[in-house]
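What follows is a short report on a single structure.
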Ligand code: ATP
């Protein structure tokens with residue numbers, strides 16, 4: 001029975017995922033697993049190192065042959081550093097993340113992990129190295145424990161709790177009448193966006209990947225939650241090669257490098273300070289967000 005149960009549970013999961021048509025990376029991961037478009041090359045190598053530098057070299061990409069999305073894109077994320085990507089909606093930010101996870105291959109140029117073309121690596125080893133914290137985390141209809149432990153199936157209870165502590169979700173869980181056995185998901189307790197994100201962070205901490213992709217939620221969080229999450233992110237990104245897709249510029253002030261993307265091209269690049277000094281697009285975005293934050297702060301105080 002248990003042998004049957006796992007795949008059935010999995011199918012149910014896919015079904016629920018599709019039903020929700022959430023454009024998030026985890027869902028795509030599952031779909032790709034079910035019918036992978038990208039297959040391993042014969043003799044593909046295993047990525048073994050835990051210090052991984054990621055490089056995009058003159059990458060062209062389009063989802064359809066007649067509509068190019070990325071144009072000769074080049075950048076590097078040195079091992080252990082954080083690269084943030086900002087830009088208007090549709091600029092191609094999530095597309096970068098999808099290529100890094102190898103849902104697709106570039107149409108020209110290459111993506112290299114430690115100088116090895118990702119097309120020459122096994123997908124299993126590549127994906128085992130990457131942890132994703134998506135915009136909108138989908139929870140399984142199961143216990144909160146299961147939802148965290150999903151990050152690594154052989155984790156001990158102590159390790160799961162440790163990850164939950166590091167993601168600042170442990171106290172919240174202990175405050176629930178059924179603790180870690182609390183059922184979550186559609187049919188269980190509904191968690192807030194911030195709580196779901198912490199579950200995703202705990203899951204990722206448990207997986208302990210050397211490469212991290214963080215897709216920041218677009219929805220506005222109140223400034224206290226935002227600050228708390230910012231701290232968690234800084235902790236989890238420390239010493240990992242991190243690609244951070246950012247909407248709130250306040251979360252990336254400390255990124256080692258920031259790319260400003262527009263229409264699939266890099267239009268500005270530098271640190272937060274350098275980009276402000278340039279007084280270009282980034283500086284303009286920063287100014288607008290500061291104004292909005294001031295307005296929001298007044299609203300929060302007024303409540
Ligand atoms: P946002 O900030 O709104 O999330 P983004 O910068 O992440 O935007 P992408 O999701 O990378 O933008 O999309 C870049 C372009 O690629 C968009 O014009 C989009 O319409 C197109 N696109 C994205 N996914 C697909 C797909 N699966 N098939 C075809 N076109 C796609």
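The values are calculated or read from the model by the stated rules, or taken from the named source; none is laboratory data. Bear in mind the structure is a predicted one, so any value in this text is a computation, not a measurement. Cβ: placed from backbone, ideal geometry, glycine included. Neighbour counts: every protein chain shown.
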Listed by range, strands (runs of 3 or more DSSP E) wholly within segment 1-115 having at least 2 residues that are at pLDDT 95 or above and over 19 Å from the mean Cα position of the chain (by Cα) are 54-61, 70-77, 108-113
Would you mind stating whether residue 57 is more than 16 Å from the ligand (Cβ to nearest atom), over 24 Å from residue 236 (Cα atoms) and without any contact (Cβ under 8 Å) to a residue 60 or more places away in the chain?
yes
Could you list, in sequence order, the residues of segment 246-265 that are closer than 16 Å to residue 96 by Cβ and within 13 Å of the ligand (Cβ to nearest atom)?
246, 247, 259, 260, 261, 262, 263, 264, 265
Please count how many residues of segment 179-200 are over 23 Å from the mean Cα position of the chain (by Cα) and surrounded by 12 or more Cβ atoms within 10 Å (Cβ to Cβ).
7
Could you pull out the residue among 205, 233, 275 that is at pLDDT 95 or above and either in a loop (DSSP other than H, G, I, E, B) or crowded, with 19+ Cβ neighbours inside 10 Å (or both)?
275
Flag if residue 151 is surrounded by fewer than 19 Cβ atoms within 10 Å (Cβ to Cβ), without any contact (Cβ under 8 Å) to a residue 60 or more places away in the chain and either closer than 23 Å to residue 97 by Cβ or out of contact with any strand residue (DSSP E or B) (no Cβ under 6 Å at 6 or more places or on another chain) (or both)
no
Kindly evaluate residue 122 against the criterion of being crowded, with 16+ Cβ neighbours inside 10 Å and on the phi < 0 side of the Ramachandran plot.
no
Given the criterion surrounded by fewer than 21 Cβ atoms within 10 Å (Cβ to Cβ) and farther than 30 Å from residue 272 by Cα, identify the matching residue among 48, 112.
48
How many residues does segment 116-134 contain that are in a loop (DSSP other than H, G, I, E, B) and under 25 Å from residue 181 (Cα atoms)?
1
